[in-house]
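First the structure, in the form of structure tokens, and then the observations on it.
The values are calculated or read from the model by the stated rules, or taken from the named source; none is laboratory data. Small disclaimer: the values here were computed from a predicted structure and weren't measured. Positions of Cβ are generated from backbone atoms using ideal geometry, with glycine treated the same way; all protein chains shown enter the neighbour counts. Surface areas here come from the heavy atoms of the whole protein model, side chains and all, with no ligands, DNA or RNA. Shrake-Rupley method; radii C 1.70, N 1.55, O 1.52, S 1.80 Å.
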Amino acid sequence: QVQLVESGGDLVQPGGSLRLSCVASGMVFSWYVMDWHRQTPGNQRELVARITSGGSTIYSDSVKGRFTISRDNAKNTVYLEMNSLKPEDTAVYYCKGRFGNLEYWGQGTQVTVSS
């Protein structure tokens, strides 16, 4: 079955950096549009970044210029490089894969930005 497993979440000080990874299995990874979303308690999940099967990317305004999404199809992995982290980036980060009407989510990884 399809699995998406995130890792890399941690406690980091403001201004710091983290790299999240999401490893996919059970799917033809290169076909999928891959997203990173995040969610804080009481709020809806919001799209942070997206990378298409062709490598095109989009970012939310709140992370543009600070975060970078990338993918390695040989490793079935999508990454989120996060720099200049702010307390408001604190959230559970989820990866999502979508191909047509197929959609899969990972279990999430906690990122906490605090001094």
What distance in nm separates the simple spin-label points at GLN1 and ASP72, each placed 7 Å from Cα in the Cβ direction?
2.8
Taking the alpha-carbon centre of each part, the distance from segment 1-53 to segment 73-97 in Å is 5
Rel. contact order, % - alpha carbon contacts under 8 angstrom, at least six apart, the chain:
36
Can you list the lysines whose alpha carbon is less than 17 Å from that of LYS75, not counting same-chain residues fewer than 8 positions off?
LYS96
Electrostatic dipole magnitude of the chain [Cβ: Lys, Arg +1; Asp, Glu -1; Cα centre; debye, to 20]:
160
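In Å², and per residue, what accessible area does the chain have when probed at 1.4 Å with the other protein chains present?
So the chain comes to 52 Å² accessible per residue, rounded to a whole number.
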Scan around LEU85 for amide H atoms under 5 Å from its own, H built in the peptide plane at 1.01 Å from N, and keep only partners 5 or more places away or cross-chain.
GLY15, GLY16
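How much length would be gained if the chain were fully extended between THR90 and LEU11, taking 0.36 nm per residue of separation minus their Cα-Cα distance, in nm to one decimal? If you can, show how the numbers build up before the last one.
Details: separation 79, 0.36 × 79 = 28.44 nm, distance 0.91 nm.
The THR90-LEU11 span can extend by a further 27.5 nm.
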Hey, if you put +1 on the Cβ of every Lys and Arg and -1 on every Asp and Glu Cβ in the chain, which of GLY106, MET34, SER7 ends up farthest toward the positive end of that dipole?
MET34
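What is the calculated FRET efficiency for TRP31 to ASP61, with r their C-beta to C-beta distance and R₀ = 30 Å, to the nearest 0.05?
0.60
How would VAL28, VAL63, VAL2 rank on accessible area, largest to smallest, probe 1.4 Å?
VAL28, VAL2, VAL63
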